[in-house]
Amino acid sequence: MKPLALLRLAWRSIAGHRLRSALTTLGVIIGVAAVIAFVTLGASLQAGIVGDISPDDQRNVYGWAADPGTEGGPLAGAQPVVSEADLAALEERSGIDAAYGYAPLGTQAVATGDSVVPLGDGAFATGPTYVREDDIATGRQFEQGEPEAVVNPAVAGAFESNVSVGDELTLVFQGGETRTVTVVGITDTSEGLSPFEGFGQSPRLYVPTDPFYAGADSAADEETDGNESAEESEADGNASAPGEDDPGNESDGEAAAGTRYTAIVVEAPSADDAAIDRAKEQARSYLESDASDASALLASGELEIVLQTSTQLLSQLQDILGLLQNFIVGVAAISLLVGSIGIANIMLVSVTERTREIGIMKAVGAQNRDVLGLFLMEAIVLGVIGAILGTALGLATGYLGAQYIDLPLVYPLEYVALAIAVGVLVGVFSGLYPAWKAARTDPIDALRYE
Amino acid sequence: MAPSEPAVTLDDVRKTYQLAETVHALDGVSLTLPRGSYTAIMGPSGSGKSTLMNVIGCLDTPTEGRVVIDGADVSTLSGRERTRLRGIEIGFVFQTFNLMPRLTALENVAMPQLFQNVGRTDRNERARDLLDRVGLADRADHRPNELSGGQRQRVALARALVNDPAIVLADEPSGNLDTETEAGILDLFAEFHDAGTTLLVVSHERHVAERAERIVHLLDGKIERIEALNDARNGSGPPSAGPDGTPPSTVGRDEHGGSATDRGTDQEEPDRGPDR
Ligand SMILES: Nc1ncnc2c1ncn2[C@@H]1O[C@H](COP(=O)(O)OP(=O)(O)O)[C@@H](O)[C@H]1O
Ligand SMILES: [Mg+2]
């Protein structure tokens, strides 16, 4: 029998049982829709968290010290162990171009003139090369030891009149202490520059660790007669600005003395794997050797140095999201299974109910494969209809969901194709046994069947 | 196949059902249907007429004995080949019509061609032509439940003829027909007979059976006697010339008595219509 004739006949019997066919496909519709909606939301969530990035910080190795058992993203369980001296020593090593700390500053707002904008966790003290030259749209990198800042467009555009290079900004720290910085550069995007920050878009401002984090350590004396804001902060006792240099601390002994960084960045000379591995090896061997300040804090064995590139960190994050998504899709797939059992059940009922019709068809010359094809076609048509409607419903749900939680909408098209294929397969598999049963019906028994 | 070869040969065919007691639906039937012959079967209800038709129609398999169709022993054929025989060699008119309830008259008639991969236009044209010949051109788009018993029977007949079968088997084809329609159907049979089709027709009615060349009388699954009719077209009066074989000559002489006996047995049945 020709496929088209088969299809037409199959459609006749599906259309002949409208309600039953509708209820049967409903199982598949819900299953496919659930899979597609969850996959879409998962992909959108991933895009929302990770952003649309191709990391251009490939030379950077991000490091921190954490309990080896800690699970999670960058800086999970990290403790401050690396000192200024360690960073200076790391920079001396061959295979390492630069090494600097990274520390979020406890700011609460940023102001220019009368215009004040809240900035909770968007200020970071770090090394000059953290903001890569490629990423700067106008101006230059900040310099260590200077009250300079590089801001991203989200900060620059946040005030009544746009901030431009050369303008002064006042940073307001938690506790009310203020410092003035000069904007020397503006980046080209508002996305995060490293996995430490996360990759999403938000207002960010970058300043040198000296004087904003570690400055007090080495340059405290010079700072005092430096600019007035620095003087002011010194006078306030540096209560909330990190990098304080309390005389009491100094007497605590060497291990705990001085500024310690929770997060460091080590730059390899190039992005190729060998250079990255060498930089990691150099950094690890130094930090774990007795020569480093960090080693004293690592000695207990409860902390271990973690050194990773952003690609590695990103893939870890994606692994976690992927795991979550697989779990949800697994749950949705179960509903697809239920849907296919529904089709199989209805097809079996249908075969029994139509035993006599099968007998008639065979009596007038229908071969086994004709009967098989007919019932299989019915199941496949049900599966395909379910898959198509389910896909439409799933895409719509994914769209609404992404709108609702305000995520960038990403349709993972390969999954959509997969869902439709699964619908067809569900039809084939659930129809196979009933169709086989129908095909081997003995015509004389079937004709006698009441 | 040689033209001399008979269309159907039955050799000591038995069909036994093992129920609470053993039922011999067919109890050693040997019969030959020469190519192009026109044979009627008569017998009381339960005598095995339908069983015989099913066996010849390759729907049922005998418990014992041989069924040869077009020179091929049916028991040696594969399921596929048997289905092929049913599809194109044999046209079967069922006692209970066996129409597809959800298909229209036209689709029912066209269905056997569907399984022979005939295109839709050709199929419908052929089906329409046959419906016209059985007088149902105006009912082509009706479903079986919208048709009378006689109309359904005619749809079933049209379906049996659609693939131009060499052998037509009809189980009580006139049971539900009024005199006029019945005459039309019998004329159609005559037409097919003239065209060389082998016909085997079961009937309760003597005048229907008398349109054939001979009548096979069944009783309790056995052939009671075979009655040769010389003037098949009229079916009236005793044969003008005595047949050569011994049993048929008896038959010839007892013709009127035999027919009376037949009617007698038939009238004992509560239901003269198709048994269900
Ligand atoms: N499937 C069956 N199971 C048991 N007995 C059957 C079956 N089919 C037919 N018979 C018996 O075989 C005999 C012949 O039946 P059938 O050929 O239908 O008779 P007819 O068509 O001459 O009325 C009957 O006695 C009937 O009861
Ligand atoms: Mg019968």
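Answer yes if at least one residue in segment A:155-165 is among the β-branched types (V, I, T), under 18 Å from A:G175 (Cβ atoms) and modelled with pLDDT under 90, and no otherwise.
Checking segment A:155-165: not a single residue is among the β-branched types (V, I, T), under 18 Å from A:G175 (Cβ atoms) and modelled with pLDDT under 90.
Taking the options B:L103, B:L131, name whichever one is part of a loop (DSSP other than H, G, I, E, B) and over 23 Å from B:M53 (Cα atoms). Spell out how you get there, then give the answer.
On the way: B:L131 fails: part of a loop (DSSP other than H, G, I, E, B).
Step by step, each of B:L103, B:L131 is checked, and only B:L103 is part of a loop (DSSP other than H, G, I, E, B) and over 23 Å from B:M53 (Cα atoms).
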When you go through B:V93, B:V74, B:V29 one by one, which is the residue that is open to solvent by less than 40 Å² (accessible area, probe 1.4 Å), over 20 Å from B:F189 (Cβ atoms) and either touching a residue at least 40 places away in the same chain (Cβ under 8 Å) or touching a His at 6+ places or on another chain (Cβ under 9 Å) (or both)? B:V29
B:I90 meets each of (1) in contact with a Pro (Cβ under 7 Å, 6 or more places away or on another chain); (2) more than 10 Å from chain A (Cβ to nearest Cβ) with one exception, condition (2)
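Here is a yes/no grid of residues against (1) surrounded by fewer than 22 Cβ atoms within 10 Å (Cβ to Cβ); (2) not assigned by TED's automatic domain parsing to the domain that holds A:A417:
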residue: A:L7; (1), (2): yes, no
residue: A:I14; (1), (2): yes, no
residue: A:H17; (1), (2): yes, no
residue: A:T24; (1), (2): no, no
residue: A:G31; (1), (2): no, no
residue: A:A37; (1), (2): no, no
residue: A:P68; (1), (2): yes, yes
residue: A:A89; (1), (2): yes, yes
residue: A:A99; (1), (2): no, yes
Test B:R133 against the stated conditions and say whether it is within 27 Å of B:V13 (Cα to Cα), more than 16 Å from ligand 2 (Cβ to nearest atom) and in contact with a helix residue (DSSP H, G or I) (Cβ under 7 Å, 6 or more places away or on another chain). no
Taking A:A446 and the conditions (1) open to solvent by 50 Å² or more (accessible area, probe 1.4 Å); (2) aliphatic (A, V, I, L, M); (3) closer than 30 Å to B:P62 by Cβ, which numbered condition does it fall short on, given that it satisfies the others? (1)
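Could you look through segment B:1-22, keep only residues that are over 22 Å from B:S75 (Cβ atoms) and more than 8 Å from ligand 1 (Cβ to nearest atom), and pick out the one that is farthest from the other protein chains (Cβ to nearest Cβ)?
So the residue we want is B:S4.
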Yes or no: segment B:185-194 includes at least one residue that is touching a residue at least 40 places away in the same chain (Cβ under 8 Å), more than 17 Å from B:G150 (Cα to Cα) and open to solvent by 10 Å² or more (accessible area, probe 1.4 Å). yes
If B:P112 satisfies every condition in (1) at the interface with another protein chain (Cβ under 10 Å from one of its Cβ atoms); (2) surrounded by fewer than 16 Cβ atoms within 10 Å (Cβ to Cβ) but one, which is the exception? (2)
Qualifying positions in segment B:93-109 - at the interface with chain A (Cβ under 7 Å from one of its Cβ atoms) and among the aliphatic types (A, V, I, L, M): B:M100
Could you list, in sequence order, the residues of segment A:343-369 that are open to solvent by less than 20 Å² (accessible area, probe 1.4 Å), closer than 23 Å to A:G423 by Cα and within 14 Å of chain B (Cβ to nearest Cβ)? A:S350
If B:S45 passes every condition in (1) out of contact with any strand residue (DSSP E or B) (no Cβ under 8 Å at 6 or more places or on another chain); (2) more than 10 Å from ligand 1 (Cβ to nearest atom) but one, which one does it miss? (2)
Have a look at B:S174, B:S259, B:S240 and point out the one that is under 30 Å from B:Q116 (Cα atoms) and modelled with pLDDT under 80. B:S174
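Applying the selection to segment B:15-46, what residues are on the phi > 0 side of the Ramachandran plot and either away from ligand 2 (no atom under 16 Å from the Cβ) or part of a strand (DSSP E or B) (or both)? Explain how you work it out, then say what you get.
Applying the first criterion (on the phi > 0 side of the Ramachandran plot) to segment B:15-46 yields B:28, B:36, B:43, B:46.
If the condition is that a residue be on the phi > 0 side of the Ramachandran plot and either away from ligand 2 (no atom under 16 Å from the Cβ) or part of a strand (DSSP E or B) (or both), then B:G28, B:G36 are the ones that fit.
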Any residue at all in segment B:53-68 that's exposed (fewer than 14 other Cβ atoms within 10 Å of the Cβ) and more than 14 Å from ligand 2 (Cβ to nearest atom)? yes
Residue by residue through segment A:308-329, note down the ones that are in contact with an Asp or Glu (Cβ under 9 Å, 6 or more places away or on another chain) and open to solvent by less than 30 Å² (accessible area, probe 1.4 Å). A:T309, A:S310
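Here's the yes/no breakdown for (1) in a helix (DSSP H, G or I); (2) open to solvent by 70 Å² or more (accessible area, probe 1.4 Å); (3) in the same structural domain as A:Q46 (by TED's automatic domain parsing):
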| position | (1), (2), (3) |
| --- | --- |
| A:V371 | yes, no, yes |
| A:I385 | yes, no, yes |
| A:A392 | yes, no, yes |
| A:L395 | yes, no, yes |
| A:L400 | yes, yes, yes |
| A:L407 | no, no, yes |
| A:G431 | yes, no, yes |
Out of B:A25, B:A40, sole residue that is near ligand 1 (Cβ under 10 Å from one of its atoms) and either within 14 Å of chain A (Cβ to nearest Cβ) or at pLDDT 95 or above (or both): B:A25
So which pairs qualify, if the first residue must be in segment A:427-450 and touching a residue at least 40 places away in the same chain (Cβ under 8 Å), the second must be within 16 Å of ligand 2 (Cβ to nearest atom) and of a type in the set (G, A, S), the Cβ gap must be under 7 Å, and the two must be at least 6 apart or on different chains? A:P443/A:A363; A:L447/A:A363
All but one of (1) at pLDDT below 90; (2) away from ligand 1 (no atom under 16 Å from the Cβ); (3) within 14 Å of chain B (Cβ to nearest Cβ) hold for A:L447; state the number of the condition that does not hold. (2)
Answer yes or no as to whether B:N145 is farther than 29 Å from B:P6 by Cβ, open to solvent by less than 10 Å² (accessible area, probe 1.4 Å) and either within 14 Å of another protein chain (Cβ to nearest Cβ) or within 16 Å of ligand 2 (Cβ to nearest atom) (or both). no
Scan of segment A:323-382 for residues that are of a type in the set (D, E, K, R) and over 52 Å from the mean Cα position of the chain (by Cα), ordered by number: A:E353, A:R354, A:R356, A:E357, A:K362
Could we say that A:F142 is under 23 Å from A:F196 (Cα atoms), assigned to a loop (DSSP other than H, G, I, E, B), touching a strand residue (DSSP E or B) at 6+ places or on another chain (Cβ under 9 Å) and open to solvent by less than 30 Å² (accessible area, probe 1.4 Å) here? yes
For B:H193, which of the numbered conditions (1) closer than 16 Å to B:G91 by Cβ; (2) away from ligand 1 (no atom under 13 Å from the Cβ); (3) out of contact with any Leu (no Cβ under 6 Å at 6 or more places or on another chain) fails to hold? (3)
Which of the residues that make up segment B:157-184 are within 16 Å of ligand 1 (Cβ to nearest atom) and open to solvent by 40 Å² or more (accessible area, probe 1.4 Å)? B:N176
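The values are calculated or read from the model by the stated rules, or taken from the named source; none is laboratory data. Everything quoted here is computed from the prediction, not taken from an experiment. With ideal geometry, Cβ positions are generated from the backbone for all residues, glycine too; neighbour counts draw on all protein chains shown. For the accessible areas, the whole protein counts, side chains as well, though only heavy atoms, and no ligand, DNA or RNA atoms are used. Shrake-Rupley method; radii C 1.70, N 1.55, O 1.52, S 1.80 Å.
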